[in-house]
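A short worksheet on the structure shown next.
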Amino acid sequence: MTVTSCPFRSLCGVHHHHNSTQARCQFPQRFGHSRGRLHIREQRVAVVNHFEKALRLDLSCQCATKQETTASTLDSFLTWAKDNGVEGGKIGIFEGQDGERGVASLAPIAKDELVVRLPLRLAIVDVTDDLDDGVEFYEGAPWSVRLACKLLRLKSEGFQCPWYPYLQSLPDLVPGILSTFQWEDMQAIEYQELKDKVNFDIWLVMDSWQRLSADAHGGASRDEYDWAMSIVHSRCFGVVGKKGGVGAHMLLPYVDMMNHGGDCTDGLLSGNAEAMDNVRWDVEASPDSPSTATDLCVYACRDIQKGEEILLSYGERNNDDFLLHYGFVPPRNPRDDVILFPGLEEAIEWYCQAFPMEGDQSEIDALKESALKAGEAEDVTPKNPMLSTKSAEALKEEAKKISLMAGGFVDGRLLAAFGKLGEKTEVSPRSGVAERCWEMLDASRPLLQDLEDLVADGEDFEGYLQFYTSAIERYGEALGRVPGNESIQDAMQPLSTPRRNVFMFRAYKKVILWDVLLGLGKK
């Protein structure tokens, strides 16, 4: 993407305050010497050789004067960033007509050239299992609650806060489900897995707010707390800890303004995938203090042209995570999936109901046990590298789920279990999977109706509509009918932004299910 219609603000367009205490802040030293890879927003598996807990140092300083607040928020932020050691003279921040911001190149950038250097002392950090500036939280408070509270406490300091210009630059509204969706939009999601995640996040915000003390969140209001939770979920970076999982979660100024450019297929979800991001990340020793400080360094992973948007990958995630926390659905995401069953045992129980078996119950129970063992013997390596940075407990729960991946790839555990059960039912494993896909599609609005509404709204789904119209018609001619609940009529034109995102989200889920049916057939 080339950005040509927006004015830019850059580090090279602001003056450096060499000796000004109004701009240069005394931040706590956050990290010891570390040579490893930063895992941006849980993007890639990372190893950090050494990580020290945040030091408890005095944060008081004169960050900005009242006169400076009358200047452009972005200009003030860039002045602050430059004065505190951020480097990046070839890029600038742009703001579109809709208020969305991004970062683009102001000059050609060569492959492997440094794009941004950010001292990690500028990060706002939550360290796992670490006390937070003496503030007491309720037992089991998750990282998002702790980091949101830290953000609010810093915000309550006003001009005296070292991060004041950065905090002022944060968006007032985060376009995630919890902050922008109406009840009707949530109900239109159809996909139960995401509905469950939405309900959990709603509960987490409500429950944590009731259990927090005013000291924890700096006396913030409920609306401010909701905002802070949305900020940390949509902008947080995670660094892997010594014992695995995420050792620290961080808000990183400037870098968190870069937009997503992850993998994208060249057409249908079953097509070849191409990486759209053009930068990569490393943690390196600071050239100024190599033995005591570390920097986040962003490098070009290919040549970048002048005016081209700087894109990072938010991680190899499914569309659930993108829509829930970021408020958008990436086009043709090869990492998307559909959860068929919460676990292997549930899958076996479903199969036995869908394909009843005759014979002695003890014999059937023994077959079910054999099917379970056959499935468990299959490789359960996480399909998504992002999962390996989650906690051990979360990883265990995710690994239980039986899913389809974009492109029609079926979980091998399911095929193994269904294969064992098919020894008695004479139903092939793939036919059993197709039956489950049919069942899920039959409970939802037809895919073609969603695609027609998206095309009518101006979205780029013409190719999908043309392909699946033809393929589904042939499928229906062969079987006499196609799955889909035509009584569901929830479209409205023009589509609101949340409803448009919902339609794209659920259309991609149905495409994954249909790819299995079209590839495997239904008997």
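The values are calculated or read from the model by the stated rules, or taken from the named source; none is laboratory data. Quick caveat, the model's predicted, so the values are computed rather than measured. Cβ coordinates were reconstructed from backbone atoms using ideal geometry, including for glycine residues, and neighbour counts include every protein chain displayed. Heads up: the accessible areas ignore ligands, DNA and RNA and are worked out on the full protein's heavy atoms, side chains in. Shrake-Rupley method; radii C 1.70, N 1.55, O 1.52, S 1.80 Å.
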Subset of the range 300-320 (residues that are under 17 Å from Phe237 (Cα atoms) and either surrounded by fewer than 21 Cβ atoms within 10 Å (Cβ to Cβ) or touching a His at 6+ places or on another chain (Cβ under 8 Å) (or both)): Leu311, Leu312, Ser313, Tyr314, Glu316
Candidate set: the range 76-108, residues that are open to solvent by 60 Å² or more (accessible area, probe 1.4 Å) and either at pLDDT 90 or above or assigned to a helix (DSSP H, G or I) (or both); chosen: the one farthest from Tyr164 (Cα to Cα): Pro108
Given (1) among the hydrophobic types (A, V, I, L, M, F, W, C); (2) more than 25 Å from Phe200 (Cβ to Cβ); (3) outside any strand (DSSP E or B); (4) open to solvent by less than 20 Å² (accessible area, probe 1.4 Å), index of the condition Leu268 fails: (4)
Scope the range 397-455; condition farther than 18 Å from Asp515 by Cβ and of a type in the set (Asp, Glu); matching residues: Glu397, Glu398, Glu423, Glu426, Glu452, Asp453
Residues of the range 358-378 that turn out to be farther than 23 Å from Asp411 by Cα and either touching a Lys or Arg at 6+ places or on another chain (Cβ under 9 Å) or not in a helix (DSSP H, G or I) (or both), as a count: 5
Test for Ser179: is it under 30 Å from Gly96 (Cβ atoms), among the small types (Gly, Ala, Ser) and under 21 Å from the mean Cα position of the chain (by Cα): yes
Residue that is aromatic (Phe, Trp, Tyr) and modelled with pLDDT under 90, where the choices are Phe200, Phe237: Phe237
Those residues of the range 287-299 which are open to solvent by less than 10 Å² (accessible area, probe 1.4 Å) and either of a type in the set (D, E, K, R) or in a loop (DSSP other than H, G, I, E, B) (or both), in sequence order: Asp295
Top-ranked residue in the range 346-357 [being among the aromatic types (Phe, Trp, Tyr) and part of a helix (DSSP H, G or I); ranked as farthest from the chain's Cα centre (by Cα)]: Tyr351
Condition check for Gly458: modelled with pLDDT under 95 and within 23 Å of Tyr508 (Cβ to Cβ): yes
Residue within the range 200-220 that is buried (at least 21 other Cβ atoms within 10 Å of the Cβ) and closer than 30 Å to Arg506 by Cβ present: yes
Selection count where residues are outside any helix (DSSP H, G or I) and in contact (Cβ under 8 Å) with a residue 40 or more places away in the chain, scope the range 209-239: 9
